[in-house]
Amino acid sequence: MNYPSRLLDDAINEISKLPGIGKKTALRLALFLLKQEEDVSQNLSNAILKLRSEIKYCSSCHSISDDVICNICNNNSRDKGTICVVENTSDVMAIENTAQYFGMYHVLGGVISPIEGISPADLNLSSLFERAQNEEVKEIILALNSTMEADTTAFYIMKKLKERNIKITAIARGVPVGGELEYTDEVTLGRSIARRVMYE
């Protein structure tokens with residue numbers, strides 16, 4: 001599409017680089033910003049610049065934070081003996097939104113993927129093993145996605161920690177509430193059958 005302004009074209013190209021935003025949505029957002037007071041765009045650009053320059057990663061769990069230690073790791077009411085291992089910070093936010101978990105977290109920053117050249121050394125695994133050794137950890141919950149790479153990562157973690165007296169669990173996987181069996185993929189359905197539970 002030809003735009004009447006090179007500046008508009010540049011803005012659309014940059015906005016459309018964001019995930020889930022195509023050219024049409026980028027155009028709509030750019031035109032929206034043009035209609036607003038100048039301070040709206042200024043506030044947006046300042047917030048993005050501050051996000052990039054001032055955000056920190058927690059020195060303990062590696063989740064994003066405003067400080068060296070995040071609010072969760074700094075919270076004495078949390079269960080320090082339980083660590084939930086996740087791939088990314090977005091997983092921490094998803095679990096926190098359930099209001100069902102009150103332990104600690106450890107963000108790996110991805111999963112082992114030889115195809116993409118991601119090895120254990122590229123992830124926050126050594127610090128997880130240090131925590132398991134130096135802290136009074138009773139349980140590690142593997143809350144990883146249901147992929148081959150995540151399963152490889154989970155197996156690697158289990159292998160490294162098998163000598164320690166730590167309970168290692170994984171989040172339940174199965175048919176989602178409201179899901180229909182005929183539309184459920186074979187892997188999920190197979191796991192649901194294999195890991196069936198008592199009906200209560």
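Here are some notes:
- Scanning the range 119-133 for residues that are surrounded by fewer than 13 Cβ atoms within 10 Å (Cβ to Cβ) and modelled with pLDDT of 95 or more returns 119, 121, 126, 130.
- In the range 46-58, residue nearest to residue 73 (Cα to Cα) [restricted to those that are exposed (fewer than 11 other Cβ atoms within 10 Å of the Cβ) and not aliphatic (A, V, I, L, M)]: 54
- The number of residues in the range 75-118 being of a type in the set (Lys, Arg) and surrounded by 17 or more Cβ atoms within 10 Å (Cβ to Cβ) comes to 0.
- Matching residues in the range 81-103 - criterion: being part of a strand (DSSP E or B) and among the polar types (S, T, N, Q): 82
- Residue within the range 142-164 that is among the hydroxyl-bearing types (Ser, Thr, Tyr) and more than 30 Å from residue 57 (Cα to Cα) present: no
- Conditions (1) closer than 23 Å to residue 65 by Cα; (2) in contact with a strand residue (DSSP E or B) (Cβ under 7 Å, 6 or more places away or on another chain): number failed by residue 126: (2)
- Hey, residue 15 assigned by TED's automatic domain parsing to the domain that holds residue 153 and hydrophobic (A, V, I, L, M, F, W, C) or not: no
The values are calculated or read from the model by the stated rules, or taken from the named source; none is laboratory data. The structure presented is a predicted model; accordingly, all values stated were derived computationally and were not measured. With ideal geometry, Cβ positions are generated from the backbone for all residues, glycine too; neighbour counts draw on all protein chains shown.
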